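The values are calculated or read from the model by the stated rules, or taken from the named source; none is laboratory data. Because the structure is a prediction, the values reported are computed rather than measured. So basically every Cβ, Gly included, is an ideal-geometry build from the backbone, and we count neighbours across all protein chains shown.
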Amino acid sequence: MINRHNAPTPETAKWVYGSHRLWSKVFLIFILLNFHIFMGFNILLPTLSLYMEKQGLSGREIGLIYSIFTVSAITMRSSSAYLASGRISPLFLISLGLFICALASFGYYWAVDVPRGLLFRFLHGAGFGITSTLITALASQVIPQSRMGEGMSYLGLGTTISLAAGPFLGIWLMNEWGFLILFAAVAVCYLAGMGVSRFLPPISLASSGSSRRPGLVVLSRMVRVPSLLMFILGLILSSIIIFMALFCQEQKLPYVGHFFVVSSISIIISRLFSGRLYDRFGHRRIIPPSVFLLLLVTLLLFYAQNGLMMLCAATLYGFCIGAAFPSMTALTLSYAPMERRAEATASFFNCYDLGFGVGSVLMGQIADLAGSYRVIFLTSAGMAILFLLLYAFFYLRHSDGS
């Protein structure tokens, strides 16, 4: 039964909680869309930093360029529900965001200095912010509430596969074809996503029935605790995703591609069962063990001296990210009524992106000051401990973590 807080509008009723069926054509399209938007994003994470270093930029400048992505992504995420609740169709906004991402991705080839790097990274963040927010919010409307953990896990399957496979593909394209083909391939990935979005039926954001439009929300008090935890998770992942290629290059470890391939396999395995475990046992049985594994990953990378240690780190990294990210998403959405899913999603991703952006600057500065990229993993280990302490305080001591 749909309660009064989750009541869909007439135009979306067909797609919201029609049954307990999870798999449908619409849900599959959302999975493909998520894959395209994040594949383009993740292909560039390690390669863009290498391209900018080749142009003579320092670690601090590279971190600054990466961080501007956060500013524009947060701006657009905060206004996504407001824009989509008016006369602008959310499906049109998704297509527009993908087109902006494609334009910015191809433009990176001319980002040979800080100003142009900031410009194209800002555009990329704007398109990515609104697209990723609306995809998650709309997809949550077609997932049965009783299967939200499982649905979010499968929705994010393409996301986390791209998180692992994207950097590997990017490095391969860079090494085999050069940066121009790399950036063109990313643009094509986003344009292909536009084509996929054309197969979605008319669907709008659920409404409370009030004539009042949603406000501009950066951080929702409704989901402030999971959003804070996602900020810390963003800090940790920035050290691994952005600086992995530079770390391996510095330490003369030719395993960066292997790291992302192995982690992608373990992510897929993790995704197959973590969502069902979340629905059955709750977040307390999934999130703490996942972040503890992430703590082990950062320590393994700090001490990594050979391929075996990198292999172990990659395997654990895939398992923890494959379980933690969808579980955190489902936890966040559990606090939000249907008509405020876009607001909760925006807050969730805003804090993750903010953590990722702050982390890119912070870790870059730490690496410059320490003279080594190895030290940033020790910093990330401390962040993982902080995550576990805060989680224990809010969710293990109290029954309500909102």
* Take the residues of segment 91-104 that are under 17 Å from Leu33 (Cα atoms) and in contact with a helix residue (DSSP H, G or I) (Cβ under 6 Å, 6 or more places away or on another chain): which is surrounded by the most Cβ atoms within 10 Å (Cβ to Cβ)? -> Cys101
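Select from segment 271-329 the residues that are of a type in the set (Ser, Thr, Tyr) and under 23 Å from Thr136 (Cβ atoms) and list them in ascending order. Can you show your working first?
From segment 271-329, those of a type in the set (Ser, Thr, Tyr) are 274, 278, 290, 298, 303, 315, 317, 327, 329; that's our starting set.
Result: Ser274, Tyr278, Ser290, Tyr317, Ser327, Thr329.
Please give the helices (runs of 4 or more DSSP H) falling wholly within segment 127-202 in which 2 or more residues are in contact with a His (Cβ under 7 Å, 6 or more places away or on another chain) and farther than 21 Å from Leu331 by Cα.
Values: elements: 148-155, 157-177, 179-197.
The helices (runs of 4 or more DSSP H) meeting that bar are 179-197.
For segment 122-177, how many residues are at pLDDT 80 or above and among the charged types (D, E, K, R)?
First, the residues of segment 122-177 that are at pLDDT 80 or above: 122-136, 138-139, 166, 169-177.
Imposing the further condition that a residue be among the charged types (D, E, K, R) reduces the set to 176.
Looking only at that region, the number is 1.
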* Asked: Does segment 134-153 contain any residue that is in contact (Cβ under 8 Å) with a residue 24 or more places away in the chain and closer than 24 Å to Leu50 by Cβ?
  -> no
* Asked: Among (1) crowded, with 24+ Cβ neighbours inside 10 Å; (2) farther than 19 Å from Leu362 by Cα; (3) at pLDDT 80 or above, which single condition is Leu119 missing?
  -> (1)
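Condition test on Ala336, is it in a helix (DSSP H, G or I) and either more than 18 Å from the chain's Cα centre (by Cα) or touching a residue at least 12 places away in the same chain (Cβ under 8 Å) (or both)?
Details: in a helix (DSSP H, G or I): no; either more than 18 Å from the chain's Cα centre (by Cα) or touching a residue at least 12 places away in the same chain (Cβ under 8 Å) (or both): yes.
It is false that Ala336 is in a helix (DSSP H, G or I) and either more than 18 Å from the chain's Cα centre (by Cα) or touching a residue at least 12 places away in the same chain (Cβ under 8 Å) (or both).
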* **Subset of segment 27-77 (residues that are free of Cβ contacts under 8 Å to residues at least 60 places away in the same chain and polar (S, T, N, Q))** => Gln55, Ser72, Thr75
* Can you tell me which residues in segment 259-272 are modelled with pLDDT of 80 or more and farther than 13 Å from Ser162 by Cα? -> Phe259, Ile269, Ser270
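Is there a residue being part of a helix (DSSP H, G or I), among the aromatic types (Phe, Trp, Tyr) and over 19 Å from the mean Cα position of the chain (by Cα) anywhere in segment 44-56? Break it down stepwise before answering.
Here is the first cut: in segment 44-56, the residues part of a helix (DSSP H, G or I) are 44-54.
From what is left, the residues that are among the aromatic types (Phe, Trp, Tyr) are 51.
If we keep only those that are over 19 Å from the mean Cα position of the chain (by Cα) too, we end up with 51.
Checked against the condition, which is being part of a helix (DSSP H, G or I), among the aromatic types (Phe, Trp, Tyr) and over 19 Å from the mean Cα position of the chain (by Cα), segment 44-56 yields at least one hit.
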* Structure fact -> For segment 380-402, pairs from a residue that is closer than 20 Å to Gly234 by Cα and assigned to a helix (DSSP H, G or I) to a residue that is at pLDDT below 95 and among the acidic types (Asp, Glu), with Cβ under 9 Å and 6 or more apart or across chains, are Phe394/Asp400
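Listed here are the residues, each with its yes/no results for (1) under 19 Å from the mean Cα position of the chain (by Cα); (2) buried (at least 24 other Cβ atoms within 10 Å of the Cβ).
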position: Phe243; (1), (2): yes, yes
position: Glu250; (1), (2): no, no
position: Gly257; (1), (2): no, no
position: Phe281; (1), (2): no, no
position: Phe292; (1), (2): no, no
position: Gln305; (1), (2): no, no
position: Gly318; (1), (2): yes, yes
position: Asn350; (1), (2): yes, yes
position: Leu354; (1), (2): yes, no
* Quick one: which residue in Phe325, Phe349 is closer than 30 Å to Ser58 by Cα, assigned to a helix (DSSP H, G or I), among the aromatic types (Phe, Trp, Tyr) and out of contact with any strand residue (DSSP E or B) (no Cβ under 6 Å at 6 or more places or on another chain)? => Phe349
